[in-house]
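**Student:** Pasting a structure here, questions to come.
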Amino acid sequence: MSRIGKKPIAIPSSVTLTLDGQTVSVKGPKGQLSWTVIDDVVITHENGELTLAPRDDSQRARSMWGLSRTLVGNMVQGVTDGFERKLELVGVGYRAALKGDALSLQLGFSHDVDVAPPAGVTFAVPKQTEITISGIDKQAVGEIASKIRRLRPPEPYKGKGVRYAGEKVRRKEGKKK
């Protein structure tokens with residue numbers, strides 16, 4: 001039994017939820033998201049709560065049950081609070097700046113790296129070495145953060161590179177004399 005799938009999703013009063021067959025549309029103060037739930041999962045909306053259940057006892061239905069509940073829960077959280085990822089730049093000369101909506105990064109290459117935000121995602125640079133990525137779609141925020149980190153991942157000897165805020169970089173011992 002899915003422990004996650006059993007939990008009902010509480011719908012806040014500021015959120016409007018509409019069910020059209022298997023399509024769930026969520027509209028809130030930060031925006032609107034919609035997603036089509038797979039046919040193996042049954043959705044019911046009553047008393048300000050959304051519950052999901054597997055249609056039958058197949059392995060696929062039970063595995064999609066928890067996934068669907070998590071994705072719909074993330075949609076509700078995204079349109080009310082939004083999601084945010086923070087990145088840190090560690091290294092001499094590593095800097096970030098905004099050029100309009102795009103993010104311009106100096107990461108030790110011979111050129112600047114410009115990253116355009118996908119739809120629904122915004123960048124903020126509170127300090128030259130910190131980047132804040134925010135949006136209502138958790139998947140889009142996480143994916144663009146991962147792409148930025150992949151430009152210059154932290155290396156194990158000096159720890160230089162782009163890392164998530166609070167990420168611990170496992171360091172290796174250098175050469176011995």
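**Student:** Among the strands (runs of 3 or more DSSP E) lying completely within region 1-80, list those that include at least 3 residues that are closer than 25 Å to ALA140 by Cβ, touching a strand residue (DSSP E or B) at 6+ places or on another chain (Cβ under 6 Å) and not small (Gly, Ala, Ser).
**Tutor:** 16-20, 23-28, 31-36
**Student:** So ASP81 fits all but one of (1) modelled with pLDDT of 95 or more; (2) closer than 30 Å to GLU49 by Cα; (3) among the acidic types (Asp, Glu); what number is the exception?
**Tutor:** Condition not satisfied by ASP81: (1).
**Student:** Which ones in region 55-86 are touching an Asp or Glu at 6+ places or on another chain (Cβ under 7 Å) and either surrounded by 14 or more Cβ atoms within 10 Å (Cβ to Cβ) or under 24 Å from LEU17 (Cα atoms) (or both)?
**Tutor:** ARG55, ALA61, MET64, GLY78, LYS86
**Student:** Pick out the one residue from PHE123, PHE109 that is under 30 Å from GLN77 (Cβ atoms) and either touching a Lys or Arg at 6+ places or on another chain (Cβ under 9 Å) or not small (Gly, Ala, Ser) (or both).
**Tutor:** PHE123
**Student:** Something else: ILE136 versus (1) under 22 Å from the mean Cα position of the chain (by Cα); (2) over 28 Å from SER34 (Cβ atoms): which is the lone unmet condition?
**Tutor:** If we test ILE136 against (1) under 22 Å from the mean Cα position of the chain (by Cα); (2) over 28 Å from SER34 (Cβ atoms), just (2) comes out false.
Every residue, every condition in (1) farther than 26 Å from LEU33 by Cα; (2) small (Gly, Ala, Ser), yes or no:
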{"residue": "GLN77", "(1), (2)": "no, no"}
{"residue": "ALA97", "(1), (2)": "yes, yes"}
{"residue": "PRO118", "(1), (2)": "no, no"}
{"residue": "LYS177", "(1), (2)": "yes, no"}
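**Student:** Only residues that are of a type in the set (D, E, K, R) and either modelled with pLDDT of 90 or more or on the phi > 0 side of the Ramachandran plot (or both): list them for region 16-56, please.
**Tutor:** The answer is ASP20, LYS27, LYS30, ASP39, ASP40, GLU49, ARG55, ASP56.
**Student:** Pairs, please: C-beta under 6 Å, at least 6 apart or cross-chain, first residue closer than 16 Å to ASP114 by Cα and in region 128-147, second among the small types (Gly, Ala, Ser)?
**Tutor:** ILE131/ALA96; THR132/ALA124; ILE133/ALA145
**Student:** Quick check on my filter: what residues within region 148-165 are in contact (Cβ under 8 Å) with a residue 12 or more places away in the chain and out of contact with any strand residue (DSSP E or B) (no Cβ under 7 Å at 6 or more places or on another chain)?
**Tutor:** Selection gives PRO156, TYR157, LYS158.
**Student:** If a residue must be surrounded by 17 or more Cβ atoms within 10 Å (Cβ to Cβ), out of contact with any Gly (no Cβ under 8 Å at 6 or more places or on another chain) and in a helix (DSSP H, G or I), how many such residues does region 101-148 contain?
**Tutor:** Number of matching residues: 3.
The values are calculated or read from the model by the stated rules, or taken from the named source; none is laboratory data. Computed from a predicted structure; not experimentally measured. Please note: Cβ atoms are built from the backbone with ideal geometry, for glycine as well, and neighbour counts cover all protein chains shown.
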